[in-house]
1. With a 10 Å radius around each residue's Cβ, average the other Cβ atoms per peptide and rank B:126-133, B:172-179, highest first.
2. Return one number: the angle in degrees, 0 to 90 and rounded to the nearest 10, between the long axis of the Cα atoms of helix B:13-25 and the longest principal axis of the Cα atoms of chain B.
3. Putting +1 on Lys and Arg Cβ atoms and -1 on Asp and Glu Cβ atoms, find which of A:291, A:313, A:64 reaches farthest to the positive end of the dipole of the protein assembly as shown.
4. Can you give me the P(r) profile for chain B? Cα pairs, bins 5 angstrom wide beginning at 0, each as a whole percent.
5. Order of A:15-26, B:134-145, A:432-443, A:116-127 by packing, highest average Cβ count within 10 Å first?
6. Taking the Cα centre as origin and putting +1 on Lys and Arg beta-carbons and -1 on Asp and Glu beta-carbons, what dipole magnitude results for the stretch A:262-383, to the nearest 20 debye?
7. Taking the Cβ-Cβ separation of residue A:81 and residue A:117 as r and a Förster radius of 22 Å, what is the calculated FRET efficiency to the nearest 0.05?
8. Assuming R0 = 25 Å, can you tell me the calculated FRET efficiency for the pair residue A:88 and residue A:66, based on Cβ-Cβ distance, to the nearest 0.05?
Amino acid sequence: MSRRRLLPRLPRRSSLLARYSAIIVSAVLVLPLLLAVVGIATTVSTALMSSDRGDSPYRDPTKLRQSWEAVAASLGGIPEAEAASRLRDWQARYPQTRVFRIDAQGRLRESYPHREDLPTQWTASGTVEFMKKAVNGPIFTVVAFVGSGSKSGSSSGSDQGTGPTAGFNAGSASSSDSGEGFIVMEIPRELTKPYAQRGGRVSSTVYAVGVLTLLGVFLAVSFLFFTRIRRRLVRLQQAMEQPAGSGLPQPIEPSGDDEIGRLERSFSAMARQLEEGRQREAAEEELRRELIAKLSHDVRTPLTVIRAHAFSLEKEPLRESGRESLRVMTAKLDYLSQLMENLFSYNLLAAGKYPYRPARTDVARLAREQLAAWYPAFEQAGVELSSELEGQAVYWEVDPLWLERVLDNLLQNALRHAASGRFVEVRLDEREGGRLSVADRGPGMDAPSPGKGSGLGLQIVRLMLARMSLRLVTESGPGGTIVTIEATSYF
Amino acid sequence: MEITKLLYIEDDPEIGGWLARDLRERGYEVEWLKDGEKAEERAEDADLALLDVMLPGLDGFTVGQKLKRRHPQLPVLMLSARATVEDKVQGLAFADDYVTKPFHPDELAARIEVLLRRSGKEGERPLRLGHLLVRPQELTVTDAESGEEIALTPKQLQILLYLLRNDGRIRTKEQIYEAVWGEPYMEGDKTVMVHIRYLRERIERDPARPQLIETVRGIGYRVRST
């Protein structure tokens, strides 16, 4: 019991191994020792109890039987009244016994103390039945023939060791022997046993209770030991799984100096490092974002000026070669500004800073509006823009601005790299959650294209689609390219 | 006729100088400010404001919002080197249009025209569409050649005016429906198609081969005035 109080008092100083060892050692060494102590204590206390009682007249069944046989012998040939009186006297000497006498005719003469449950007439078979019952019953029974001192029967348990093991010679008694009847003495078998044995049941109960208590204490200590470890581990696990608002786990207060305490300290250190890292990263990210935003602006401003002067030049009278140079300049300027914008967008997207507001979006309608915006550009480039959107009901849970941007990039690519095919078709298919495809008859993605860039535009498309649970499938060959946006899951 | 006055706020001297000149050449009166400090007072007699997003001191968004609060009728067009969707959304929350740099001056001029028309400043001037003369202010459509007025139902007139306001741009059936009826478009609705058919019967020389309202197959409708 003292361990129980000790546990919280010197907790978590020593290592878990040391404390576990203490429990195991106590189980292996101290527990048997304690069990032995309990055993000895039980025996001693039982011995003390029996010595209090002093000697019992019933303790020696042999003596008791001899005494009874002596009475039986003395009853031979004396008058009825005298016999009854002797019997009563004997019973008075051994008050725990019960005695009765059956005469030669099998009649019950008297019983001390007086009993009503005995048959008044005893037949030979009835007698045998009575004796059979007595052999292993809880009552130690001695039957002695009146007048004969040597022949008697006694019931006895096999553990007794005194008297005939299971014999009972009354059944074999000759008629001459039973001429004067018999007397029977009964006593609870318990009383004939030595105290040590008699108290056996009590002491074994005490012993069992002691053992169970010790085992219980041991189990309780082990259980406590493990539940404490478990509780601390669960706390740690929860701290890991329930991150704070920043999305990172928060440091926790260490609960001791042992292994778990050290683990908690390491975890807290790690959480702090993560937090610092995140802050540093956020600061760097912010700086980079700023930088790219500034760069984008800084590059766009001179671009706008160059562009403006190029427009002014358009109005001047120029030779055809001069006009051609101007066209190339303008195209490259367009490309450069597009690139800047893609760089800026990619920067935001990769940092997850691009605001995403998904809503149920009518894809046909959105695509139609995008096509309406792009149609003049295709018209000017002499490319037929075919729309196959009618009658297809497709709704995606996406940010419409994102999907517009994706379609923008795809149409821009088609116009820039596949204008030679003179045909671009945008088709919507409502089956399997919906597919939106942009098909051209250009030279294919592997063909060298003068406007071919870093593929940043397509990279932005892929990033955005992945975020919207959509997928890009491209099929490209010399005959053209089909870019398809598919729903990754549909119901 | 009164000259249209544009208020132009731009910090970059090169772009500002060039665009101000270009717009003056197009017949506008241009007041060019280097920052947004005095924008609100100067906007009193302006017909439209052109606003750069990146300005020293107050940024273009703030200036634009202030302008809009003080002069709710004044069309505001944002010019920006920032072309992210986010910027566009932020800009269009109050501005009437948003043009990213670099832009073609013709495109900018076209957008300015559209905004002015929408705000009614240009409304007094009849619009010419093929053989039609449309007076948005009086809500009348006349045949320029015969001088006869063409009777249109209110919806037909609204559709025509809506397409004219978006001159040169294709509008989808959804956009037309929502602009004219003011209700969300229901999928599969044929109302717009039917109304345009009747409109064509009134205004086209040969409704079977329409010249004024062009159908862009699978996309929408467009008018192109000259």
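Bear in mind that the values in this text are calculations on the coordinates, not laboratory data. Predicted model only: the values in this text are computed from it and were never measured. We place every Cβ from the backbone using ideal geometry, glycine too, and count neighbours over all the protein chains shown.
1. B:172-179, B:126-133
2. Between the helix axis and the principal axis of chain B, the angle is about 40 degrees.
3. The residue sitting farthest along the positive end of the dipole is A:64.
4. Bin by bin from 0 Å, the calculated values are 1, 6, 13, 16, 16, 14, 12, 10, 7, 3, 1, 0.
5. Descending mean neighbour count gives A:432-443, B:134-145, A:15-26, A:116-127.
6. Taking the Cα centre of the stretch A:262-383 as origin, the dipole is about 260 debye.
7. On the way: r = 25 Å, r/R0 = 1.12.
Efficiency computed from Cβ-Cβ geometry: 0.35.
8. 0.80
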